[in-house]
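The values are calculated or read from the model by the stated rules, or taken from the named source; none is laboratory data. Given the structure is predicted, the values throughout are model-derived calculations rather than measurements. Neighbour counts are summed over all protein chains in view; Cβ atoms, including those assigned to glycine, are modelled from backbone coordinates with ideal geometry. In case anyone asks, the SASA skips ligands and DNA or RNA and just uses the protein heavy atoms, side chains included. Shrake-Rupley method; radii C 1.70, N 1.55, O 1.52, S 1.80 Å.
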Amino acid sequence: MAPLPNAELVQNSLQLYRYLLRCCKQLPEENIRQHYRHAVRQSFKVHADEDDPERIRQIIKRAIEDADWVMNK
């Protein structure tokens, strides 16, 4: 399963959140979709107070890499 196109256009946390939830919609089974949607929401809650732009870029890059891995799994 290929990741969604335009991952390179994700520039901020809201765009990342939407991208990851759209990735979840492509997963084959409902219980897997629910698991990853929950994980995405929890991660956003954990990092909600992050204010360092470099750290935010690192988080976005890592989240997209992780989403690609999940989609190809």
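General remarks:
- So Leu9, is it hydrophobic (A, V, I, L, M, F, W, C) and exposed (fewer than 10 other Cβ atoms within 10 Å of the Cβ): yes
- Restricting segment 26-39 to residues that are part of a helix (DSSP H, G or I) and in contact with a helix residue (DSSP H, G or I) (Cβ under 7 Å, 6 or more places away or on another chain), the residue that is farthest from Arg62 (Cα to Cα) is Arg33.
- Residue check for Gln42: at pLDDT below 90, exposed (fewer than 12 other Cβ atoms within 10 Å of the Cβ) and not aliphatic (A, V, I, L, M): no
- Residues that are open to solvent by 60 Å² or more (accessible area, probe 1.4 Å) and either of a type outside the set (Asp, Glu) or over 20 Å from Asn6 (Cβ atoms) (or both) within segment 53-73 comprise Pro53, Glu54, Arg55, Arg57, Gln58, Lys61, Arg62, Trp69, Asn72, Lys73, listed in sequence order.
- The numbered conditions (1) in a helix (DSSP H, G or I); (2) charged (D, E, K, R); (3) open to solvent by 60 Å² or more (accessible area, probe 1.4 Å) are all true for Glu50 except (1).
- The condition of being touching a residue at least 24 places away in the same chain (Cβ under 8 Å), surrounded by 13 or more Cβ atoms within 10 Å (Cβ to Cβ), over 18 Å from Asn6 (Cα atoms) and out of contact with any His (no Cβ under 8 Å at 6 or more places or on another chain) holds for only one of Tyr17, Tyr36, that being Tyr36.
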